[in-house]
Amino acid sequence: MFMHQRKSILHTLGSSLVLAAMLISPQVSAAADGCNVTIDATDAMAFNTKEISIKKACKTFNITLKHVGKLGKNIMGHNLVVSKEADQKAVLEDGNKAGAAGEYVKANDARIVAHTKLLGGGEQASTQLNLSKLDTKTNYVFFCSFPGHAFMMKGVIKFV
């Protein structure tokens, strides 16, 4: 009898832990209201998602980038830049020219829809997209403009 109760308690506890993990997972919390997302960037040169879904009903959309790694921004800095897919290559080239002093983003670049500052481990920053200025039929992307990172740290923006 005791063993049966113990197994039942462990099963219930295990199910509760799985549910709790799902509730606090960045993927689940990222889409909570459709107008906000939090994206993690790691020391392994990766974002925790390859897609951001934005509800067309949102007037603005907030993106928070968290650098969950430990390395400094001079070694493994990350930012998040949003542009039209067609502009990504030129934005990256001009960002590289801007260098570390410009946080790898060309100043006043009209092709950039939004961007965060460059972050080191443990830091976070947010940016906001004004959806009235975006064409939901255009392909938009997000990426890290730190040299060499966009190869792995990139994703698409979908309007739903």
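Quick rundown of the values:
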read-out	value
Sparse-neighbourhood loop sites, trypsin sites (Lys or Arg not before Pro) in the stretch 70-146 - DSSP loop, at most 13 other Cβ within 10 angstrom	K70, K137
Spatially proximal lysines relative to K59 (Cα-Cα < 27 Å; intrachain offsets below 8 disregarded)	K50, K84, K106, K117, K133, K137, K154, K158
Stretchable slack from T64 to K89, in nm (0.36 nm times residue separation minus alpha-carbon distance)	6.7 nm
Three-way shape call for the stretch 81-132 based on the alpha-carbon gyration tensor, with the a/c threshold at 1.5	oblate
Surface share of carbon and sulfur [accessible, 1.4 angstrom probe, percent] for the stretch 92-160	49
1.4 Å probe accessible area per residue over the stretch 89-160, in Å²	54
Amide hydrogen neighbours beyond the local backbone of V113, cut-off 5 Å, H modeled	V82, S83, K84
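The values are calculated or read from the model by the stated rules, or taken from the named source; none is laboratory data. Remember, predicted model here, so these are calculated numbers, not experimental data. Note that each Cβ is placed from the backbone with ideal geometry, even for glycine, and that neighbours are counted across all protein chains shown. Just the protein is used for accessible areas: all its heavy atoms, side chains included, with ligands, DNA and RNA removed. Shrake-Rupley method; radii C 1.70, N 1.55, O 1.52, S 1.80 Å.
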